[in-house]
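All remarks here apply to the structure that follows.
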Amino acid sequence: MSIPLKGQNKGISPVFNKRITVNIKHVIKTLFIHLCMILIAFFFLVPILWMLSTALKLRWEIFAWPPEWLPREPHWENFREAFKRVPMWGYMWNTLRIIFFKVIGELFAVPLVAYAFARFRFPGKKVLFLLVISTMMIPLQTKLIPLFSMYVRFGLIDSYWPLILPAFTGTPFFIFLMVQYIKTMPRDLDDAARIDGLNNYGILYRILIPLCVPALTITVTYTFLWTWNEFLQPLIYLNSYEKYTIQLGLEMFKGMWSVEWNLLMAATLSTMLPVLVLYFFAQKKLIGGIATLGLKG
Amino acid sequence: MKRSKRSAIDRRQTIDAYVCISPWLIGFLIFTIMPISFTIYYSFTRWTIMEPPVWIGLKNYIFMFTKDPIFWQSLKVTSLYVVMSLPIIIIFGLLLALLLNLKIRGMNLYRTLFYIPAVISGVSVAMLWTWLLQPDVGMVNTLLDLVGIKGPGWFWDPVWALPSVASMSVWKVGGSAVIYLAGLQNIPPQLYEAARIDGAGRRQAFFKITIPLLTPTLFFQLIIQMIECFKVFTEAFVITKGGPLKATYFYLLYFYEEGFQHFNTGYASALILVLVTVIMGMTVFVNYTSKRWVYYAGEDRAS
């Protein structure tokens, strides 16, 4: 809290009385803003902290009255117990495998498609790009029944194919992001490379892709986040327990042990943890990515 | 001579372009055009995934509108949810963004913290809220108890269930704030300077500069968030299963149960098309009104 004060005090001389009052006003205002922000931050974080506290409690502590805000001593073994009750590791591993193949798919398709829309002139380009954007708005459920019956016909139900295949055609959101990104790169780069004898694909893979790493990072991170959190599609396409993704596993856990809140919260927190960790590492880029779409979409 | 060379380059470019976009194009045909056309076709059939579809014309739609109280219930519940949830997201999101746009130290940290609830989603968030709003030992009712208020039954009370699901949006408002924030930071600071020189106060600057220049962002938010609200599903599926007394029986829950549990796939196709029509109608409506209130820089407003 004292950090903003330090900066503001610099250069105050007692002679300029007026300036001091202005500064004091400023300091009070800054403090007030910080207070507001801390209160709001508390509101946003307290559910997560409460979840952690529950996850570390013994069962009787949860139902104790008067309520105990913190566990007397942290029972980390709740996590071990939760992972024993339901094969969480297996579900995480399943989800990670799906993510891995989806990432490969997106990395193959997205730059390729975006490159054409960002750099080439070709008949139908405007209409097609409009289609890319408008497909972002179509609710997935509109397509679900025919897709389901198609996968039934090909015998792909209860496999990961229905979840992975669409990634190899490029997700419109990422294509859009990538087009915007490539457009910011000077065309002189392409021209120089062309003079050096590279063809269109050489320009993409040797010149542009290395420069697109930030946009590709967003693509990979969001693929991870969305796939990790995805519920509806795994729910529809997967039947056998051992193939469940993490969110399905958690939902099943809820059905089975619905009164053991300490274990349930331990499991819930564990499914959130990878997302939180990833978020903290990539947050600047993620927020930037959302913002780009917000402005230009 | 020159011209033919040029057209050769153009042709080469066209071929390469279509090769490049082919993954998306194929995906578009298989994963978008084909399924949507079939959904439209199936909606005119009686079809339970096991047997081939039978054409019955408009019967699904007629049944839905005249003889299906569950359809009306789910439509009502979903609309109410949108009416409750959308203002929260739009207004609180803006307020939060205005706070985050203030120039003080440590703002990045706050921004990071406020966005956390928006990145964790799905079943885990639903589980967390189930626990927070437990009638007997949940955190919220415990806190209310300490100040002498008897908390309601939240998800387990027919009256409170829908507002409870809607209030979960408050917690995720960081997601909408971030989009506003980008819009705010895109307003050229020179405008504020010019206004100050012209003697405009804070309030005037806010209503004459910030709000008008933010209307495109607001417009975008309105459409995107509205669609998201109509698509509410996981919360209800995990927490309430549509109950109590169908008080949270959202439209997509009905669609899911008809399509993937009872395998009334023909009827479910008709259901989803009605929802998409509603969403599209709302989008067109918002778009239509936008001419009156959305300000686009560079457009001549005087004319």
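The values are calculated or read from the model by the stated rules, or taken from the named source; none is laboratory data. Keep in mind it's a predicted model, so treat the numbers as computed, not measured. Ideal geometry is used to build each Cβ from the backbone, glycine not excepted, and the neighbour counts take in all protein chains shown. Just the protein is used for accessible areas: all its heavy atoms, side chains included, with ligands, DNA and RNA removed. Shrake-Rupley method; radii C 1.70, N 1.55, O 1.52, S 1.80 Å.
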Among residues of region B:187-222 being in contact (Cβ under 8 Å) with a residue 12 or more places away in the chain, surrounded by fewer than 18 Cβ atoms within 10 Å (Cβ to Cβ) and within 14 Å of chain A (Cβ to nearest Cβ), the residue nearest to B:VAL284 (Cα to Cα) is B:THR215
Here the qualifying pairs (Cβ atoms under 6 Å; residues six or more apart or on different chains; first in region B:169-185 and at the interface with chain A (Cβ under 9 Å from one of its Cβ atoms) and open to solvent by 10 Å² or more (accessible area, probe 1.4 Å); second assigned to a helix (DSSP H, G or I) and small (Gly, Ala, Ser)) come out as B:GLY175/B:ALA118; B:ILE179/A:GLY294; B:ALA182/A:ALA291; B:ALA182/A:GLY294
When region A:86-105 is checked residue by residue, the ones that are surrounded by fewer than 16 Cβ atoms within 10 Å (Cβ to Cβ) and of a type outside the set (A, V, I, L, M) are A:PRO87, A:TRP89, A:TRP93, A:ARG97, A:PHE100
If we keep only residues of region A:106-125 that are assigned to a helix (DSSP H, G or I) and basic (Lys, Arg), then the residue surrounded by the most Cβ atoms within 10 Å (Cβ to Cβ) is A:ARG119
The one condition A:VAL277 fails out of (1) over 21 Å from A:LEU165 (Cβ atoms); (2) at the interface with chain B (Cβ under 10 Å from one of its Cβ atoms) is (2)
For region A:203-220 the number of residues that are in contact (Cβ under 8 Å) with a residue 24 or more places away in the chain and either open to solvent by 10 Å² or more (accessible area, probe 1.4 Å) or of a type in the set (D, E, K, R) (or both) is 7
Counting only residues that are more than 11 Å from every other protein chain (Cβ to nearest Cβ) and either among the small types (Gly, Ala, Ser) or in a helix (DSSP H, G or I) (or both), region A:60-73 contains a total of 1
Given (1) surrounded by 19 or more Cβ atoms within 10 Å (Cβ to Cβ); (2) modelled with pLDDT of 90 or more, B:GLY242 misses just (2)
Per the filter on region A:41-66, residues under 21 Å from the mean Cα position of the chain (by Cα) and surrounded by 20 or more Cβ atoms within 10 Å (Cβ to Cβ) are A:PHE44, A:MET51
Of the listed residues (B:LEU100, B:LEU94, B:LEU29), the one being touching a residue at least 12 places away in the same chain (Cβ under 8 Å) and more than 9 Å from chain A (Cβ to nearest Cβ) is B:LEU94
Among (1) open to solvent by 20 Å² or more (accessible area, probe 1.4 Å); (2) within 11 Å of chain B (Cβ to nearest Cβ), A:LEU250 falls short only on (1)
Of the residues in region A:62-91 that are touching a residue at least 24 places away in the same chain (Cβ under 8 Å) and touching an Asp or Glu at 6+ places or on another chain (Cβ under 8 Å), the one that is farthest from B:ASN141 (Cα to Cα) is A:GLY90
Does region B:190-204 include one or more residues that are out of contact with any Leu (no Cβ under 9 Å at 6 or more places or on another chain) and under 28 Å from A:LEU39 (Cα atoms)?
yes
